[in-house]
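Each remark here refers to the structure printed beneath this line.
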């Protein structure tokens with residue numbers, strides 16, 4: 001009884017929750033679908049390259065989830081928060097050969113994301129979504145993703161933190177990006193929880209042949225988003241090549257320089273995995289929200305409770321007197337079991353609130369075609385709207401010589417006696433505006449041409465005969481005056 005009551009209470013709240021959804025269609029729709037419809041029915045498959053977390057779809061030792069996470073930082077590093085420029089703006093696509101973005105991972109990441117780019121979903125938004133997707137695919141926290149980033153049209157400034165930098169240089173660089181010393185430590189630790197360092201990019205730090213696939217992992221669990229990067233550093237059990245090994249003698253032990261810059265206080269606070277997860281959720285969310293000052297981001301994108309999908313009204317073939325209504329309704333079932341949804345009905349109404357579906361009803365009870373999933377949500381995506389014919393309400397039908405109109409015309413209204421042709425006026429829907437019906441005007445007697453007005457120069461051949469054209473009636477007074485002057489000039493008429 002209690003379970004039944006809970007279901008009924010949730011169902012009663014469904015309408016209120018759906019009312020809080022964005023107004024559909026919305027600018028976030030495509031990004032929301034890519035973000036949440038990941039698996040199964042009508043999946044967008046954005047996570048295919050990073051799920052499972054240890055997927056190496058780009059080659060042995062190349063962990064795609066780690067590449068996606070690093071892509072987010074390398075696109076953001078151009079930020080100068082003092083001047084409000086740079087940040088996560090997609091400029092990385094122009095910076096792949098500048099010497100600061102070593103390795104093939106960035107190019108491969110952008111190539112995979114390219115088919116998802118659209119006028120509503122920028123490259124920068126996809127890179128931000130890639131941070132969420134890679135971390136979540138590795139059982140990390142949910143990084144909030146906002147919509148609205150604007151893509152750069154050229155490369156940004158240089159300044160990627162390099163392994164040989166001093167602590168002071170690191171602090172200055174992260175300060176430029178908008179992060180203080182403690183946030184710098186957090187961001188590096190959160191960004192290095194996945195993956196490793198490759199011999200091909202850093203041969204002096206990872207000598208070839210010493211590690212499987214020539215990749216030295218940053219911690220003992222490179223395919224799990226956890227705080228081992230922190231705990232192994234603190235208990236000195238780490239094999240992180242940016243803390244130990246050849247990097248020490250070369251002064252390239254950048255993780256050690258950063259982690260120890262505040263006497264290990266920040267790292268000790270992150271030794272608790274729950275603290276680590278919440279800290280990374282916050283700092284990575286801040287990282288992908290670093291954008292130029294003129295860019296305004298939305299609130300974090302949340303899944304619709306009820307969302308129309310691919311709704312279309314199409315003219316039926318043969319006659320164009322009916323419309324076919326097709327599409328889907330997607331219902332979020334994360335907290336509402338599908339078994340508790342007895343039915344879902346959709347009703348067609350036109351823009352005036354009316355409906356005309358001929359002999360059939362304008363309501364349809366929908367059936368489930370399939371279930372879709374995201375990392376944390378499930379959806380009954382397949383409430384399919386079957387073909388539904390809707391009568392087209394036309395104001396009038398065209399007349400033809402073979403088929404008389406089926407709509408009777410109203411009796412003509414009584415009209416006053418017609419004035420002379422030169423002064424006759426035609427009423428419009430705008431009471432204060434009238435238009436004169438022009439009389440055919442003659443060429444001036446001084447003209448050397450005896451051709452009628454209709455024989456105009458080639459440049460004017462596409463225009464209608466000016467002196468025989470009735471002025472449009474739905475024009476403003478200003479446009480009417482302009483049109484009259486043009487016609488008079490063309491006809492050489494001086495009549496006012």
| What's the extension gain from residue 326 to residue 213 if we count 0.36 nm per residue and subtract their Cα-Cα distance? | 35.6 nm
| said: So for the stretch 198-258, averaging the separation of alpha carbon pairs under 8 Å that are six or more residues apart and normalising by length, what relative contact order in percent results? | reply: 28
| remark: Row for the stretch 275-314, column shape: gyration tensor on C-alpha, a ≥ b ≥ c, rounded if a/c < 1.5 i.e. under 1.5, prolate if a/b over b/c, else oblate; value oblate
| field | Two-site label geometry, residue 48 and residue 172: point separation in nm, points 7 Å out along Cα→Cβ | value | 4.6
| For the stretch 157-315, what is the largest minus smallest coordinate of the Cα atoms on each principal axis, given in angstrom and ordered from greatest to least? | 72, 36, 35
| Modelled FRET efficiency - R0 35 Å, residue 347 with residue 27, Cβ distances, 0.05 increments | 0.85
| request: Measure off 7 Å from each Cα along the Cα-to-Cβ vector at residue 142 and residue 20, then give the distance between these two points in nanometres to one decimal. | output: 1.2
| note | Taking N as the residue count of the stretch 22-288, its alpha carbon Rg divided by 2.2 N^0.38 Å gives 0.97
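Taken together, the values in this text are just the output of simple stated rules run on the coordinates, not laboratory data. Treat the numbers as computed from the prediction; the structure is a model and nothing was measured. So basically every Cβ, Gly included, is an ideal-geometry build from the backbone, and we count neighbours across all protein chains shown.
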